[in-house]
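Notes follow once the structure below has been shown.
Computed from the coordinates by the stated procedures, all read-outs in this text should not be read as laboratory data. Predicted model only: the values in this text are computed from it and were never measured. In this analysis, Cβ positions are derived from the backbone assuming ideal geometry, glycine residues included, and neighbour counts consider all displayed protein chains.
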Amino acid sequence: MGGAQLLMLENVTRSVLLPDDSELHILTGINLTVTEGDHIAIVGRSGTGKSMLLNILGLLDRPTSGTLNWQGKDATRLSARRAAAARGRDLGFVFQQFNLLPGRTAVENVMAPLMYSSGRDFWQRRRLASEALDRVGLGARLDSMPQTLSGGEQQRVAIARALVRRPRVVLADEPTGALDVGTGRAVMELLDAATVESGAALITITHDANVAALARERFRLEGGCLHPLSQEAVR
Ligand SMILES: Nc1ncnc2c1ncn2[C@@H]1O[C@H](COP(=O)(O)OP(=O)(O)OP(=O)(O)O)[C@@H](O)[C@H]1O
Ligand SMILES: [Mg+2]
């Protein structure tokens with residue numbers, strides 16, 4: 001509450017062109033404000049456009065129409081280079097399939113986003129990555145290969161990697177989708193605590209009502225728009 005406004009979407013739409021040249025209107029009017037320290041959950045049926053919305057929030061895709069304000073600037077006007085720089089510096093991503101580099105140790109995976117940074121972030125990248133892994137409870141597994149870690153541990157490495165550059169916004173697309181219920185809950189609590197600790201906002205896309213219940217604000221994506229959900233509706 002009372003933190004800086006990070007993202008604001010007004011009347012954002014996104015359509016796609018099908019091979020037969022017809023247009024498919026996926027997002028038809030998205031309004032959303034994201035402020036420092038927020039934890040927002042977005043639920044919705046498969047195919048409603050949740051990942052598409054996350055890609056727009058993550059500056060990976062652009063709206064067809066509407067405005068996307070990113071830290072006070074019109075993000076639809078950012079050049080590809082500036083969007084990529086903002087992504088690296090200010091955004092962290094966590095995916096269902098962890099997306100760790102298979103031939104690299106845990107600490108090397110977490111160091112990867114720091115390879116393109118400068119100054120202290122670059123020179124102290126191993127120490128910063130070790131500390132990030134320590135914060136997710138994996139300080140003893142720095143040199144382990146991803147395939148020797150459990151699913152929950154791999155997702156914790158991915159969380160450390162998403163947070164190592166201290167992003168303003170963390171975007172998680174089905175972060176517990178590949179985990180059993182108990183592990184998923186533990187990973188989600190960790191992701192929530194770690195983003196709060198770093199002052200970032202967290203946006204979680206999920207099918208799981210228990211995961212959504214952890215967020216402080218909840219929406220259902222339906223018919224191309226976000227509909228606020230009460231705590232009771234989610235359970
Ligand atoms: N580049 C594209 N071209 C054509 N259709 C697309 C494209 N990208 C997405 N779509 C369609 O847009 C719709 C929304 O896709 P999206 O991946 O955002 O759904 P989702 O809500 O994340 O679903 P899920 O829960 O299954 O992950 C789908 O019907 C998908 O087929
Ligand atoms: Mg999806």
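State yes or no: is residue 212 over 26 Å from residue 86 (Cα atoms), of a type in the set (A, V, I, L, M) and surrounded by 21 or more Cβ atoms within 10 Å (Cβ to Cβ)? Answer is yes for this residue.
For segment 48-153, list the helices (runs of 4 or more DSSP H) that sit wholly inside it and hold at least 2 residues that are closer than 28 Å to residue 177 by Cβ; which are they?
On the way: elements: 50-57, 80-90, 106-111, 120-123, 125-135.
Of the helices (runs of 4 or more DSSP H) lying wholly inside segment 48-153, those with at least 2 residues that are closer than 28 Å to residue 177 by Cβ span 50-57, 80-90, 106-111, 125-135.
Among 63, 19, which is surrounded by 20 or more Cβ atoms within 10 Å (Cβ to Cβ) and within 16 Å of ligand 1 (Cβ to nearest atom)? If you could, list the steps in order and put the result at the bottom.
Details: 19 fails: surrounded by 20 or more Cβ atoms within 10 Å (Cβ to Cβ).
One residue alone meets the criteria, 63.
Can you name every residue in segment 159-196 that is among the polar types (S, T, N, Q) and over 14 Å from the mean Cα position of the chain (by Cα)?
The first filter runs over segment 159-196 and keeps only residues among the polar types (S, T, N, Q), leaving 176, 183, 195.
Of everything in segment 159-196, just one residue is among the polar types (S, T, N, Q) and over 14 Å from the mean Cα position of the chain (by Cα), namely 183.
Among the numbered conditions (1) closer than 20 Å to residue 200 by Cβ; (2) more than 12 Å from ligand 1 (Cβ to nearest atom); (3) not in a strand (DSSP E or B), the only one that residue 9 does not meet is (3). Filtered by the rule that a residue be of a type in the set (A, V, I, L, M) and within 22 Å of the chain's Cα centre (by Cα), segment 118-148 gives 128, 129, 132, 133, 136, 138. Can you find even one residue in segment 14-27 that is away from ligand 2 (no atom under 16 Å from the Cβ) and touching a helix residue (DSSP H, G or I) at 6+ places or on another chain (Cβ under 9 Å)? No, there is no match, as no residue in segment 14-27 is away from ligand 2 (no atom under 16 Å from the Cβ) and touching a helix residue (DSSP H, G or I) at 6+ places or on another chain (Cβ under 9 Å).
What number of residues in segment 221-235 are within 17 Å of the chain's Cα centre (by Cα) and either charged (D, E, K, R) or over 23 Å from residue 56 (Cβ atoms) (or both)? Spell out how you get there, then give the answer.
If we filter segment 221-235 for residues that are within 17 Å of the chain's Cα centre (by Cα), which is where we start, we get 221.
In the following step, the residues that additionally are either charged (D, E, K, R) or over 23 Å from residue 56 (Cβ atoms) (or both) were identified as none.
Matching residues across segment 221-235 total 0.
In this structure, does residue 37 turn out to be in a loop (DSSP other than H, G, I, E, B), more than 9 Å from ligand 1 (Cβ to nearest atom) and touching a residue at least 40 places away in the same chain (Cβ under 8 Å)? Yes: the conditions hold for residue 37. Would you check which residues across segment 74-117 are loosely packed, with under 14 Cβ neighbours inside 10 Å, free of Cβ contacts under 8 Å to residues at least 12 places away in the same chain and aliphatic (A, V, I, L, M) and list them? Matches in segment 74-117: 80, 115. Checked against (1) surrounded by fewer than 20 Cβ atoms within 10 Å (Cβ to Cβ); (2) within 16 Å of ligand 2 (Cβ to nearest atom), residue 175 meets all criteria but (1).
Just give me the residues in segment 28-39 being among the β-branched types (Val, Ile, Thr) and away from ligand 2 (no atom under 16 Å from the Cβ), in sequence order. Give the derivation first.
Step one: filter segment 28-39 for residues among the β-branched types (Val, Ile, Thr), giving 28, 30, 33-35.
The answer is 28, 33, 34, 35.
Of all residues in segment 179-226, those that are within 24 Å of residue 166 (Cβ to Cβ) and either away from ligand 2 (no atom under 16 Å from the Cβ) or among the basic types (Lys, Arg) (or both) total 21.
So which residues in segment 47-56 are touching a residue at least 40 places away in the same chain (Cβ under 8 Å) and either near ligand 2 (Cβ under 10 Å from one of its atoms) or surrounded by fewer than 21 Cβ atoms within 10 Å (Cβ to Cβ) (or both)? Once the filter is applied, which keeps residues that are touching a residue at least 40 places away in the same chain (Cβ under 8 Å) and either near ligand 2 (Cβ under 10 Å from one of its atoms) or surrounded by fewer than 21 Cβ atoms within 10 Å (Cβ to Cβ) (or both), segment 47-56 yields 48, 49, 50, 51, 53, 54.
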